[in-house]
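Below is one structure, written out as structure tokens, with a few remarks after it.
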Amino acid sequence: MLENLERREMVLNFGPQHPSTHGVLRIILWLDSEYIHKALPCFGYLHRGFEKLAENKTYDQFVPITNRLDYLAGMCNSYSYVLAVEKLLGVTAPRRAEYIRVIAMELSRLASHLVWLGAAAIDLGATTPIMYGFREREGILDLLEKLSGGRMTFAFMRIGGVKFDLPDGFIDECRKFLKIFSEKIKDYDVLLQKNRIWIERTRGIGVLSAKEAINYGLTGPSLRGSGVKFDVRKNDPYSIYPELDFDIPVGKVGDIYDRYLVRREEFRQSVRIIEQCLDKIPDGAIMSDDPRVCRPKKEDVFDNVESLIHYCYIAMEGIEVPKGEVYSRIEGPRGEFGYYIISQGTNKPYRLFIRVPTPINFTPLNHLCQGKLIADLTALIGGFDLVLGETDK
Amino acid sequence: MGDYKIVTYKEEKKGLKKRVKQMFFWEILQGMSLTFKYMLSKPITMRYPEHKWVAPDRFRGQVALVRDEKKMDQDLCVGCCLCIRVCPSGALDIITSMGKDGNKVIDEYVYDMSRCIYCGMCVEICPVDALISTGNYELAEDDMESLMMNKEALLKSGHRWCELKKIMAKKGIKSQSVIRVKPAKWTLERANVREEDLEVTPDIPNIYPKKPM
Ligand code: SF4
Ligand code: SF4
């Protein structure tokens, strides 16, 4: 009789249908009653073969597909990609295009953090913040829809510029939105910042020291929560970020609460960046005039035979990129997002590697959950801001 | 410019104030009062499908073909096949032949909606603007067959969309607003919406730039 009561290790599948795994993540747990011995995340349920897909598409055709990687912040993904191709080509986008790109990227970052805020809170049983998060996100998506024509899949960046100029009235609407949004950040503070349950569930959970965080290769708010001063926008500046005035929030303790505070402060900093961009945005072209990437105007095509040939050549053959290798990185909402491209001088990449932050940020999971409760695991998943679209590629 | 800024948990000062706050669940009361405040304000959601969202001009919905308004018997499309070449997902196909007078004739134009990723590359590249992105986003169908469109269907759909845009302009319905469509005509583009079926809804409050007139 007694040996039946002996405690045995139990193996449990957490996900892929579990509501708090933010998609199709499966974690295999070895449990002793409710305490975790070992956790092993299994990725790949959303694998779509992006890297292989890129080898069969021209450089232009891959732009709309990049939006599908991290679907919460599509603009950042495409920007990193076009930046890599531009580096290889030696093309720079005009300044107005860069400003539009930065506005779009920061709006994307806000939208992504808002989803994170709601999702992390709902995992811990607070069902209200997601309503407010999605309310503000709706305003952002409307702005981006007006700008690019899509709510999540923008297909907006082009190699050498952007597809559209700012629509009429965009600047005013954006200012109006930012003003309302800055007020609404207080709502989240009321709901979460001082909430005893939120503090108890997040403080001291998942503590990573600065050294550990660096050794695990963490980036983004997860790294900065541990007090490491690293942000690609400051340490390896790209686009127009060096001209803008903004702070980078860093935490101290390295627990989930500090990561929350870092992201919350990034709301304010992103608002600051967008406001500066709206003030400073110059006039001018939105597409580089380099003949390798820029198509002639449609009006010229039927009048001028050279334009016709050039237009059809770019459309049929795509952009030819010189031989070489390049790595570009940007600061996405979750961390360093990069593309490594090897070109053989043709119109298609020979090999394309995508460095995505989420799976790398997730590597300390086993270390962090040992001896913890399952309830802490959901808090941890929320704290790392998972997006399975980019994890599984 | 700018610097690093340290954010971390700040312990509240110990004392009577903290004790009282703790005893009465002060922060939870605050959260509840916030929820209560919003409970009394008007809802900001729209009641789909009774209410419909008018997509902005740049929206990329289903692709359609258009004809020249004046010469309705003649195709605008010149059969250059650039759209097929740029399409990242291979959703388009075209069959052309030599006409009597030596011009290229478009025999058939195939659009597979189940493959399309609505990226708008085809519309962007078309040198004669024969392709348009409609604002039609209600594309669910019962079977796969209905997702394949031929030239005739594409032209019809393009024509209807242009008509609908005219009606909306006449009624003063702006893009990115919410309209009400009479229940029997729930699908905007496919079910031949007439002018009297569209109503303007005034009952969603304006908190974000989008909201309706
Ligand atoms: S919208 Fe994109 S995927 Fe769809 S047919 Fe046009 S090019 Fe192809
Ligand atoms: S690009 Fe335009 S003109 Fe050329 S085949 Fe396509 S629809 Fe016809």
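The charge dipole of segment A:250-353, taken about the Cα centre with unit charges on the Cβ atoms of Lys, Arg (+1) and Asp, Glu (-1), comes to about 560 debye, rounded to the nearest 20.
Adding -39500 (n - 2.57) for every DSSP H run of four residues or longer, then dividing by how many residues chain A holds, sets the calculated 222 nm ellipticity at -14000 deg cm²/dmol. Within a straight-line Cα-Cα reach of under 19 Å, residue B:104 can be paired with the following lysines, leaving aside sequence neighbours fewer than 8 residues apart in one chain: B:71, B:151.
Step through the table entries A:186/B:21; A:146/B:37; A:297/B:171, compare each Cα-Cα distance with 27 Å, and write down the pairs that go over it. Checking Cα-Cα distances, A:146/B:37; A:297/B:171 exceed 27 Å. Of the three principal axes defined by the Cα atoms of the protein assembly as shown, the extents in descending order read 92, 64, 60 Å.
Annotation for segment A:350-384: chymotrypsin sites (Phe, Trp or Tyr not before Pro) lying in DSSP loop with at most 16 further Cβ atoms inside 10 Å of their Cβ are A:350. Spin-label pair residue B:153-residue A:279: with each label point 7 Å from Cα along the Cα-Cβ axis, the two points sit 5.4 nm from one another.
How many percent of the alpha carbon pairs in segment A:201-333 exceed a separation of 20 Å? Distances greater than 20 Å cover 63 percent of the Cα pairs.
Counting other beta carbons within 10 Å of each residue's own, what order do A:367, A:37, A:113 fall into, fewest first?
Result, fewest neighbours first: A:367, A:37, A:113.
If you take the Cα atoms of segment A:333-379, find Rg, then find the Kirkwood Rh from the mean of 1/r over all pairs, what is Rg/Rh? That ratio equals 1.28. Between amide H atoms placed 1.01 Å from N, distances below 5 Å from residue B:62 occur with B:134, B:136, all of them 5 or more places distant or on a separate chain. Amide H contacts for residue A:351 (H built 1.01 Å from N in the peptide plane; partners 5 or more residues away or on another chain; cut-off under 5 Å): A:342.
Ordering B:92, B:34, B:56 by the projection of their Cα atoms onto the charge dipole of segment B:16-94, which places +1 on the Cβ of Lys and Arg and -1 on the Cβ of Asp and Glu, puts B:34 at the extreme positive end. If we count every other residue with Cβ under 12 angstrom of residue B:57's Cβ, Lys/Arg +1 and Asp/Glu -1, where does the sum land? Result for the neighbourhood of residue B:57: +3.
Peptide A:262-273 has a mean shielding of 1, counted as Cβ atoms of other protein chains within 10 Å of each residue's Cβ. In segment A:191-272, inverting the average of 1/r over every pair of distinct C-alpha atoms gives 13.4 Å as the Kirkwood radius.
Dipole orientation for the protein assembly as shown: of the candidates A:330, A:371, A:62, A:371 has the Cα lying most toward the positive pole (charges on Cβ; Lys, Arg +1; Asp, Glu -1).
Given a cut-off of 32 Å, name the pairs among A:393/B:156; A:176/B:170; A:38/A:234; A:163/A:323 whose C-alpha atoms lie farther apart than that in the structure shown.
From A:393/B:156; A:176/B:170; A:38/A:234; A:163/A:323, over 32 Å: A:393/B:156; A:38/A:234.
The length gained by stretching the chain between residue A:196 and residue A:374 to full extension, at 0.36 nm per residue less their Cα-Cα distance, is 62.1 nm.
If you count, for each residue, the other Cβ atoms within 10 Å and average over each peptide, how do A:149-156, A:242-249 line up from highest to lowest?
A:149-156, A:242-249
Each residue in A:70, B:57, A:187, B:129 was given a count of other beta-carbon atoms within 10 angstrom of its own, and listing them fewest first yields B:129, B:57, A:187, A:70. Residues A:62, B:36, A:267, ranked from the fewest to the most other C-beta atoms within 10 Å, line up as B:36, A:267, A:62. Of A:209, B:161, A:343, which is farthest towards the positive pole of the protein assembly as shown's charge dipole, taken about the Cα centre with +1 and -1 on the beta-carbons of Lys, Arg and Asp, Glu respectively? The one lying farthest along the dipole's positive direction is A:209. Taking 51 Å as R0, compute the FRET efficiency from the Cβ-Cβ separation of residue A:11 and residue A:52 and round it to 0.05. Calculated transfer efficiency: 0.95. Rg over Rh for segment A:141-197 works out to 1.18, using Cα positions for both radii and the Kirkwood form for Rh. Note on residue B:5: aspartates and glutamates with a C-alpha under 16 Å away, same-chain residues under 8 apart excluded, are A:231, A:245, A:247, A:258, A:265, A:266. For segment A:81-127 and segment A:161-187, what is the separation of their Cα centres, given in Å? Between the Cα centre of segment A:81-127 and that of segment A:161-187, the gap is 14 Å.
Computed from the coordinates by the stated procedures, all read-outs in this text should not be read as laboratory data. All of these numbers come straight from a predicted model, not from anything done at the bench. Methodologically, a virtual Cβ is constructed for each residue, glycine included, from the backbone with ideal geometry; neighbour enumeration extends over all protein chains shown.
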